[in-house]
Amino acid sequence: MYVYRIVLFLVFGGYLFSPLLMSGWGSPGAAWYRPFLIWGVLIALTVWLERKRRLDEQHRGGGE
């Protein structure tokens, strides 16, 4: 069930911040790497949360 909470959080955050992201993403003066930076942060956050979840499962005895 933990994964569903992460997905729900990311979807809710996407809806909440989508106007801000779209206005900053498409502005003519924006840096070319801004979309890649946003995706990199999302990927890093996902990796960090997954690593934390696996460590928690190993400590509880349900590890792989």
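The values are calculated or read from the model by the stated rules, or taken from the named source; none is laboratory data. Quick caveat, the model's predicted, so the values are computed rather than measured. Quick reminder, even Gly has a Cβ in these numbers, built from the backbone with ideal geometry, and neighbours come from all protein chains shown.
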What are the residues in region 21-55 that are closer than 19 Å to Leu8 by Cα and among the aliphatic types (A, V, I, L, M), if any? Leu21, Ile38, Val41, Leu42, Ile43, Ala44, Leu45, Val47, Leu49
Are there any pairs, at least 6 apart or on different chains, whose C-beta atoms fall under 7 Å, with the first in region 18-41 and surrounded by 12 or more Cβ atoms within 10 Å (Cβ to Cβ) and the second part of a loop (DSSP other than H, G, I, E, B) and modelled with pLDDT under 80, and if so, which? Gly24/Ala30
In region 1-29, the residues that are outside any helix (DSSP H, G or I) and modelled with pLDDT under 75: Met1, Gly26, Ser27
